[in-house]
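Structure first, commentary second.
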Amino acid sequence: MNETTMLVNESHPLPLNWQPDDLVDLWKVQPRHYLLYPRPTRLSECAADAANGLFEQAEREGFDDFMVLSAFRDSDYQAGLFADSPNGYVARPGCSEHQTGLAMDIAQFGRGMALDDAHAAWLTENCWEHGFIVRYPEGREDVTGIPAEPWHLRYVGRDAAMEMRERGWVLEEWHGAHGMV
């Protein structure tokens, strides 16, 4: 299976020591079309390139205040987040897409972990062109098992993202249709 379309969730965990071998530091490769949270922020190279294109388009279209809050997390970092989460909204180590290096949480500068309706709509409408999907869309909680997170983008590649958009699928359904679950 293509690693960009790997399914990671409670039913399909990664080995705890798994990590991509092509992580790049966004602080070193982003052309300032978006903001970064002040800590090391890494994505797989293909996702980083796609994020640069996505946020360059966003800036051209008047959405110049996106901020990447979180990207790659190793299992140790995820374990700390999981232990500190009293409400159970943080995935167990090995079950977070952030460990793939293909996922990022974004927000608008100054809004915490939130997007206004216009920004969320813009992402939903445009992210697929750059190979991203909104991984946990509203109304699909019954399939993903995760509450809606319009700020959580996952890189799957342009072809897979386009197919999911055209068919209204989430990643679990794409895997099912391709005989991968």
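The values are calculated or read from the model by the stated rules, or taken from the named source; none is laboratory data. In this text the structure is predicted, and so the values were computed from the model without any measurement. Here the Cβ positions follow ideal geometry from the backbone for every residue, glycine too, while neighbour counts run over all protein chains shown.
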Residue that is within 21 Å of LEU14 (Cα to Cα), touching a residue at least 60 places away in the same chain (Cβ under 8 Å) and not hydroxyl-bearing (Ser, Thr, Tyr), where the choices are LEU43, LEU81, LEU54, LEU35: LEU43
Every residue from the stretch 1-54 that is farther than 18 Å from HIS152 by Cβ, assigned to a helix (DSSP H, G or I) and not hydrophobic (A, V, I, L, M, F, W, C): GLU3, LYS28, GLU45, ASP49, ASN52, GLY53
Any hit, the stretch 95-109, residues being free of Cβ contacts under 8 Å to residues at least 12 places away in the same chain, on the phi < 0 side of the Ramachandran plot and of a type outside the set (Phe, Trp, Tyr): no
Residue list for the stretch 110-136, restricted to those being farther than 18 Å from GLN57 by Cβ, at pLDDT below 95 and within 14 Å of the chain's Cα centre (by Cα): MET113
Subset of the stretch 59-76 (residues that are touching a residue at least 40 places away in the same chain (Cβ under 8 Å) and either basic (Lys, Arg) or closer than 18 Å to MET113 by Cβ (or both)): PHE63, ASP65, PHE66, MET67, VAL68, LEU69, ALA71, PHE72
Conditions (1) surrounded by 19 or more Cβ atoms within 10 Å (Cβ to Cβ); (2) within 19 Å of LEU171 (Cβ to Cβ): number failed by HIS12: (1)
Matching entry among LEU26, LEU54 (being surrounded by 15 or more Cβ atoms within 10 Å (Cβ to Cβ) and within 16 Å of TRP151 (Cα to Cα)): LEU54
All positions within the stretch 30-51 that are hydroxyl-bearing (Ser, Thr, Tyr), out of contact with any Asp or Glu (no Cβ under 6 Å at 6 or more places or on another chain) and crowded, with 16+ Cβ neighbours inside 10 Å: TYR34, THR41
Test: residue in the stretch 15-27 that is in contact with a Ser or Thr (Cβ under 7 Å, 6 or more places away or on another chain) and under 22 Å from GLN108 (Cβ atoms): yes
Given (1) touching a Ser or Thr at 6+ places or on another chain (Cβ under 7 Å); (2) on the phi > 0 side of the Ramachandran plot, number of the condition GLY62 does not satisfy: (1)
Residue within the stretch 95-109 that is small (Gly, Ala, Ser) and over 15 Å from the mean Cα position of the chain (by Cα) present: no
The stretch 115-162, residues that are without any contact (Cβ under 8 Å) to a residue 60 or more places away in the chain, farther than 18 Å from VAL8 by Cα and acidic (Asp, Glu): ASP116, ASP117, GLU125, GLU138, ASP159
